[in-house]
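Visitor: First, the structure itself, so that you have it in front of you.
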Amino acid sequence: MLFTQTDLEGVWLIEPTPVADERGSFARTFCLDEMERHALEGRFVQHSLSRSRMKHTLRGLHFQQEPHGEVKLVSCLQGAIWDVAVDLRPRSPGYLRWTAAELNAQNMRQLYIPRGFAHGFLSLTDDVAVGYLISARYEPTAAHGLRYDDPALGIAWPAMPAVLSEKDRNWPLLSG
């Protein structure tokens, strides 16, 4: 597995190193030893699956407020997404900055998103399936979000969202 630190401290792009032969290929997508070697969370209490039928479906930007913060390890199992992490740690040099990566079924990349970040994605194809390993139990009273189009964030989405929930459309702006 290849671990690449992104431009935001704590966010990692993880890429498997497949071994191929005449049958196809095999790759590790998670290894506790590798996670520990990079000082990353290795305990995940929940595995979730999200499906989006239509291209340009937006999900997010979501996070759990403290003390219920969570680490996410996100992968795209079918189709392709543009995956975004936004730094919400007030003392971080990256505060309110974002980073993004294309995850798809072919590149098998994963985005590791630490506590203190909001997460969202835009589907780049129809019929997308996204898997999440999540380090904390879901707490409905701690669930919160940011507007995908908040000018304070300035996220350069690769396309305008065509489908999004009312909740995601109506998260409050950071300015107010």
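Visitor: Which of the residues that make up the range 84-99 are touching a Lys or Arg at 6+ places or on another chain (Cβ under 9 Å) and either more than 21 Å from PRO172 (Cα to Cα) or surrounded by fewer than 18 Cβ atoms within 10 Å (Cβ to Cβ) (or both)?
Guide: ARG89, TYR95, listed by residue number.
Visitor: Being among the charged types (D, E, K, R), more than 23 Å from LEU174 (Cα to Cα) and in a loop (DSSP other than H, G, I, E, B): is that true of ASP126 here?
Guide: yes
Visitor: Right, next: For residues that are farther than 26 Å from VAL128 by Cβ and not in a loop (DSSP other than H, G, I, E, B), tally how many sit in the range 23-33.
Guide: Selection size over the range 23-33: 2.
Visitor: Tally up the residues in the range 151-171 that are charged (D, E, K, R) and within 18 Å of the chain's Cα centre (by Cα), please.
Guide: The number of residues fulfilling the criteria is 1.
Visitor: Restricting attention to the range 50-77, report how many residues are outside any loop (DSSP other than H, G, I, E, B) and in contact (Cβ under 8 Å) with a residue 60 or more places away in the chain.
Guide: Residues meeting the conditions: 13.
Visitor: Can you tell me which residues in the range 78-88 are out of contact with any Ser or Thr (no Cβ under 6 Å at 6 or more places or on another chain) and assigned to a strand (DSSP E or B)?
Guide: Result: GLN78, TRP82, ASP83, VAL84, VAL86, ASP87.
Visitor: Within the range 163-175, track down each residue that is among the small types (Gly, Ala, Ser) and either modelled with pLDDT under 95 or closer than 18 Å to ALA100 by Cβ (or both).
Guide: Across the range 163-175, the qualifying residue is only SER175.
Visitor: Now, a different point. Condition test on GLU102, is it farther than 17 Å from LEU153 by Cβ, free of Cβ contacts under 8 Å to residues at least 24 places away in the same chain and not small (Gly, Ala, Ser)?
Guide: yes
Visitor: Please work out if HIS119 is surrounded by fewer than 16 Cβ atoms within 10 Å (Cβ to Cβ), touching a residue at least 40 places away in the same chain (Cβ under 8 Å), in a strand (DSSP E or B) and not basic (Lys, Arg).
Guide: Against the criterion (surrounded by fewer than 16 Cβ atoms within 10 Å (Cβ to Cβ), touching a residue at least 40 places away in the same chain (Cβ under 8 Å), in a strand (DSSP E or B) and not basic (Lys, Arg)), HIS119 does not qualify.
Visitor: So, GLY24, is that one more than 20 Å from ALA101 (Cβ to Cβ), surrounded by 12 or more Cβ atoms within 10 Å (Cβ to Cβ) and either touching a Lys or Arg at 6+ places or on another chain (Cβ under 8 Å) or not polar (S, T, N, Q) (or both) or not?
Guide: For GLY24, the condition - more than 20 Å from ALA101 (Cβ to Cβ), surrounded by 12 or more Cβ atoms within 10 Å (Cβ to Cβ) and either touching a Lys or Arg at 6+ places or on another chain (Cβ under 8 Å) or not polar (S, T, N, Q) (or both) - is not met.
Visitor: Determine which member of the set GLU36, GLU102, GLU9 is in a loop (DSSP other than H, G, I, E, B), modelled with pLDDT of 95 or more and either in contact with a strand residue (DSSP E or B) (Cβ under 9 Å, 6 or more places away or on another chain) or surrounded by fewer than 19 Cβ atoms within 10 Å (Cβ to Cβ) (or both).
Guide: The conditions single out GLU9.
Visitor: Output the residue which, of all residues in the range 134-176 that are over 23 Å from SER75 (Cα atoms) and of a type in the set (D, E, K, R), is surrounded by the most Cβ atoms within 10 Å (Cβ to Cβ).
Guide: ASP150
Visitor: Quick one: in the range 39-58, which of the residues that are surrounded by fewer than 15 Cβ atoms within 10 Å (Cβ to Cβ) and among the charged types (D, E, K, R) is nearest to TRP12 (Cα to Cα)?
Guide: So the residue we want is ARG43.
The values are calculated or read from the model by the stated rules, or taken from the named source; none is laboratory data. Predicted, not measured: the structure shown is a model, and the values here were computed from it. Ideal geometry is used to build each Cβ from the backbone, glycine not excepted, and the neighbour counts take in all protein chains shown.
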